[in-house]
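K.L.:
Sending over a structure as structure tokens; questions will come in a sec.
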Amino acid sequence: MLRDRLAAALARPAAQPRLAEDDLRWDRPFTPAAVLVAVTDRPAPGVLLTLRQASLRAHAGQIAFPGGRIDPDDADAVAAALREAKEEVGLPPEKVAVAGLLDPYRTGSGYLVQPVLGVIPPDLPLVPHEAEVAALFEVPLAHLIDTANHIPRTGEFGGRLRHYHEILWADRRIWGITAALIINLSRRLAGLA
């Protein structure tokens, strides 16, 4: 069963050190956030990703996992990730078999992101929330965790030289925080048959 295989992989140490944070510095307390890394349960699993609306104030037009800040009413990071996935793409929480938590990640924008790994049935009739999500798509898990697709890049942001990764798939450019979370996932799943 896919969920059990993913949970077992999470219990092992990562094959390489995890990426822990953006290379920007933050001088205030981090805001807790959670994202859902939803893997489709099919012979060749995929990962659900969103394209954020270009009109959004933060991370406009970028590719991301469904997620957001943890609200005071959320019991924990899992509850927050499931709530956000329901709000953003219409994913019913009861359809997610949670496999476990991935490594947390600190962002240069002041968030401490807790990725939640879950397995969902394939081909659910999901509907993006049009104010937040421009598109919803699935990328093959094998493509995302293949280290040959993790391209290191350098660029100037906010007047500073930054190092980041990008992953290209079809006409999509996955980079920044989302790519870092995927790289951490790939390090956890290394050797998963």
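K.L.:
Search the stretch 73-90 for residues that are without any contact (Cβ under 8 Å) to a residue 60 or more places away in the chain and pair each with any residue that is in a helix (DSSP H, G or I) and buried (at least 21 other Cβ atoms within 10 Å of the Cβ) when their beta-carbon atoms are under 6 Å apart and the residues are at least 6 apart or on different chains.
P.N.:
Asp74/Ala80
K.L.:
For Leu144, all conditions in the list (1) over 15 Å from Leu48 (Cβ atoms); (2) of a type outside the set (Gly, Ala, Ser); (3) outside any strand (DSSP E or B) hold save one; what is the number of the exception?
P.N.:
Status for Leu144: all satisfied but (1).
K.L.:
Sort out which residues of the stretch 156-193 are in a loop (DSSP other than H, G, I, E, B), at pLDDT 80 or above and hydrophobic (A, V, I, L, M, F, W, C), and write them in order of number.
P.N.:
Within the stretch 156-193, Ala170, Ala190 meet the criteria.
K.L.:
Working only within the stretch 131-155, note down all residues that are more than 13 Å from Pro45 (Cα to Cα) and of a type in the set (A, V, I, L, M).
P.N.:
Once the filter is applied, which keeps residues that are more than 13 Å from Pro45 (Cα to Cα) and of a type in the set (A, V, I, L, M), the stretch 131-155 yields Ala131, Val133, Ala134, Ala135, Leu136, Ala148, Ile151.
K.L.:
Being in contact with a Phe, Trp or Tyr (Cβ under 9 Å, 6 or more places away or on another chain), touching a residue at least 12 places away in the same chain (Cβ under 8 Å) and surrounded by fewer than 17 Cβ atoms within 10 Å (Cβ to Cβ) is the filter here, so list the residues in the stretch 152-165 that pass it.
P.N.:
Pro152, Arg153, Phe157
K.L.:
Moving to a separate point now. Please enumerate the residues belonging to the stretch 19-47 that are at pLDDT below 90 and under 21 Å from Ile63 (Cα atoms).
P.N.:
Those that are at pLDDT below 90 and under 21 Å from Ile63 (Cα atoms): Leu19, Ala20, Glu21, Asp22, Asp23, Leu24.
K.L.:
Next question. Are any of the residues in the stretch 122-133 of a type in the set (Gly, Ala, Ser) and at pLDDT below 95?
P.N.:
Yes, because at least one residue in the stretch 122-133 is of a type in the set (Gly, Ala, Ser) and at pLDDT below 95.
K.L.:
In addition: In the stretch 81-100, which residue that is hydrophobic (A, V, I, L, M, F, W, C), over 19 Å from Ala179 (Cβ atoms) and touching a Pro at 6+ places or on another chain (Cβ under 8 Å) is surrounded by the fewest Cβ atoms within 10 Å (Cβ to Cβ)? Explain how you work it out, then say what you get.
P.N.:
So in the stretch 81-100, the residues hydrophobic (A, V, I, L, M, F, W, C) come out as 81-82, 85, 89, 91, 96-99.
Adding the requirement that they be over 19 Å from Ala179 (Cβ atoms) leaves 82, 85, 89, 91, 96-99.
Then keep just the ones that are touching a Pro at 6+ places or on another chain (Cβ under 8 Å); that gives 82, 85, 89, 91.
Numbers: Leu82: 26, Ala85: 29, Val89: 21, Leu91: 23.
Step by step, filter the stretch 81-100, then rank; the result is Val89.
K.L.:
Given the conditions (1) touching a Gly at 6+ places or on another chain (Cβ under 7 Å); (2) crowded, with 23+ Cβ neighbours inside 10 Å; (3) in a strand (DSSP E or B); (4) not small (Gly, Ala, Ser), and given that Val116 satisfies all but one, which numbered condition is not satisfied?
P.N.:
(1)
K.L.:
Oh, and also: Which of the following residues is under 14 Å from Ala34 (Cα atoms), under 16 Å from the mean Cα position of the chain (by Cα) and surrounded by 15 or more Cβ atoms within 10 Å (Cβ to Cβ): Ile145, Ile177?
P.N.:
Unique residue meeting the criteria: Ile177.
K.L.:
Residue by residue through the stretch 32-50, note down the ones that are of a type in the set (A, V, I, L, M) and either within 21 Å of Gly108 (Cβ to Cβ) or under 12 Å from the mean Cα position of the chain (by Cα) (or both).
P.N.:
Within the stretch 32-50, Ala33, Ala34, Val35, Leu36, Val37, Ala38, Val39, Val47, Leu48, Leu49 meet the criteria.
K.L.:
Among (1) of a type in the set (Asp, Glu); (2) under 25 Å from Leu189 (Cβ atoms); (3) not in a strand (DSSP E or B), there is one condition Glu130 misses while meeting the rest; what is its number?
P.N.:
(2)
The values are calculated or read from the model by the stated rules, or taken from the named source; none is laboratory data. Since we're looking at a predicted model, the values are computed, not measured. Positions of Cβ are generated from backbone atoms using ideal geometry, with glycine treated the same way; all protein chains shown enter the neighbour counts.
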